[in-house]
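Written out below as structure tokens is the structure these notes cover.
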Amino acid sequence: MNKPYLYCGKTNMMESLRVFIVEDNKLYGDMLRYHLALNPDNKVLLFATGKECIDNLYQNPDFISLDYSLPGMLGLEVLKKIKEFNPEIPVVMVSGQEDITTAVSLLKEGAYDYFVKDEDTKDRIWNTLKKIRENLQLKQEIDELKNEIGKKYEFENVIRGNSRVIHQLFKLIEKATQTNIAVSLIGETGTGKDLVAKAIHYNSSRKSYPFVAINVNAIPNELIESEFFGYEKGAFTGANSQKIGKFELANKGSIFLDEIAEMDKNMQSKLLRVIQEKELTRVGGNATIKFDARIIVATNKDLAEEVRKGNFREDLYYRLLGLSIVLPPLRYRGNDILILARYFLDDFCNENKLEKKSISPKAKEKLMNHAYPGNVRELKAIIELAAVMSNNKVIEADNISFTKTNLLTDMLNNEDTLSGYTKKILKHYLEKFDNNVMKVASKLDIGKSTIYRMIKENEL
Amino acid sequence: MKGKLYNLSQIKLFLGDDQQQLGNMINIFLNETPLMLKAMNDNFSNKNYDEVRFYAHKLKSSIDLFQINGLQLDIRKLEALAQEQKDIPTIGRYVSDITGTLENVMQEISKET
């Protein structure tokens, strides 16, 4: 095999474009190579045959100028092989063939452009390279931003903590990232359901595609269908132009439906159909549009209970349930409270250019004894306020103030029967003490056998 | 006095004032063209008209670059006729004329180096 001729000015790998010229007329190839190498950022390699070009594709060219009429293998065949290797490589066909049908067939095969050899060819190729360089720079910037987002949503950056429940959560999230299974996130308000949804998306194979989040509760019922599936111009009064819906926007990516339990039953049946058929129709439109997105739903309600009450369709429930991930409330995460408090404090001081502060033992005790009905979100707010209130480098217990709302008030507000309350209390303590019946019995000041009986009776 | 058979303005558009590169290009033309002409003539003798078309196509780029006026149209006609593989005597005439003219061009052009 002939060695390719290499011409280049400087070799700044970050900026240089690797350009292949495939041309068996050595005179024309050399002229083109000379011209393109006038830009020192172009690293130009010249090949006399299609085979040499294909053999060198491992060098990952950014651009290929390919002669149509080559010995041994026609340009069209070479083009197909290049596209098989990497469909992203822009290939410009350069030919003396002034035949429009040839040009069309080459463009159909994925050629970036088609130039007939004439006095303007070199300028056309020069301008094409300029455009490709600009596109690559934009692509590089986008990739860098995507990487940054990816890092931001690495599990450990999303959910901080070292408790056993958090380690179990990491394992489940990891499982969720490995397939396209639907994911349902169940957790109280402030447990970070939206962050976990993003972590699943940005650590999955769909990360290069959009993550689209919708809070079902925030959209009025009459608008939800058009928000989800889009609408055609004239579909209703005020529909002055076509609008792409969130589901279409999420194509190939993930769609996150927060507060799914709040969805109107009529909309539930429409959503079920879209999920089953994997296609949707815009409001006012006739065309069916293929839909391929991972569905992640979240709720702070017990969806199974909502099904039992008749508020949520059973068939949709099973469609959406997929991998069910329960996000533990902060009050069950033990020492994570202090790990998170430390993290929020450092972050707040850093962001506000405050001196680094520590937390006194009494303040720590106070933090550990709170129930956090607002979970991590509440802890963050408490710590930020404490940082503002403290006058020195130590957060004291006095600097920590809790809002009036607490678990008991919340529980009482949701009216229930006495046995219902008993069940909730028992469930709460079992979760808090990791199903240690001895501890629960001691805390509630009742016998172990009573606890076992209650567990059996309440199917806990 | 007869004018030149070729014109270097097209090549100079590519190369600017780079005389050394111009010399290199002329050398490539002088080295490559006889090989292409021989291949075209041999293939014509062997009635391999597809290959005649192929070499005519290759020569077309060089002829256009050196703006060999008398041949720019002829080489295209030869390419088309060889593709259709009809009117063999005319193909033969074109092969012969183009070969002769290019040999003259090469003689002239060699004085540039």
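What follows is calculated from the coordinates using simple rules that are stated; it is not laboratory data. Predicted, not measured: the structure shown is a model, and the values here were computed from it. Glycine also receives a Cβ, built like all others from the backbone with ideal geometry; neighbour counts cover every protein chain displayed.
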Rounded to the nearest 0.05, FRET efficiency between A:Arg160 and A:Asp120 (Cβ-Cβ, R0 56 Å) equals 0.40
On a 0 to 90 degree scale, rounded to 10, what angle separates helix A:164-178 from the longest Cα axis of chain A?
30 degrees
For a quick check: sort A:Arg282, A:Arg206 by the number of other beta carbons within 10 angstrom, fewest at the front.
A:Arg206, A:Arg282
Contact order relative to length for the stretch B:9-107, counting C-alpha pairs under 8 Å separated by 6 or more residues, stands in percent at 25 percent
Going through the stretch A:154-185, which trypsin sites (Lys or Arg not before Pro) have at most 13 other Cβ atoms within 10 Å and a DSSP loop state?
none
On full extension of the chain, what length is gained from A:Thr101 through A:Glu277, given 0.36 nm per residue of separation minus the C-alpha to C-alpha distance?
59.4 nm
Please work out the C-alpha center-to-center distance from the stretch A:363-387 to the stretch A:338-357 and express it in whole Å.
13 Å
Suppose R0 equals 35 Å; then what is the FRET efficiency for B:Gln21 and A:Asn127 from their Cβ-Cβ distance, rounded to the nearest 0.05?
0.95
Counting only DSSP beta bridges with both partners in chain A, the antiparallel fraction in percent, to the nearest 5, comes to 20 percent
Determine, from the Cβ-Cβ distance of A:Leu354 and A:Asp194 and an R0 of 22 Å, the FRET efficiency 1/(1 + (r/R0)^6), rounded to the nearest 0.05.
0.20
Note on the stretch A:330-399: contact order normalised by length, alpha-carbon pairs under 8 Å, 6 or more apart, percent, works out to 41 percent
Above-threshold pairs, the threshold being 28 Å between Cα atoms, out of A:Lys193/A:Lys443; A:Lys364/A:Lys432; B:Lys4/B:Lys58; A:Lys193/A:Lys423; A:Lys151/A:Lys380:
A:Lys193/A:Lys443
Subtract the Cα-Cα distance of A:Lys427 and A:Leu460 from 0.36 nm times their separation in residues, and report this length gain in nm to one decimal.
11.2 nm
Suppose a student asked you for the relative contact order of chain A, using Cα pairs under 8 Å spaced at least 6 residues apart; what percent would you report?
11 percent
Rough spin-label spacing in nm, given labels placed 7 Å along Cα→Cβ, for A:Asn135 and A:Glu174:
3.9 nm
Please compute the length gained on full extension between A:Leu385 and A:Thr288, using 0.36 nm multiplied by the number of residues separating them and subtracting their Cα-Cα distance.
29.7 nm
Listed by chain and number, the lysines with an alpha carbon less than 23 angstrom from that of A:Lys243, same-chain partners under 8 positions apart left out, are A:Lys233, A:Lys252, A:Lys270, A:Lys278, A:Lys290
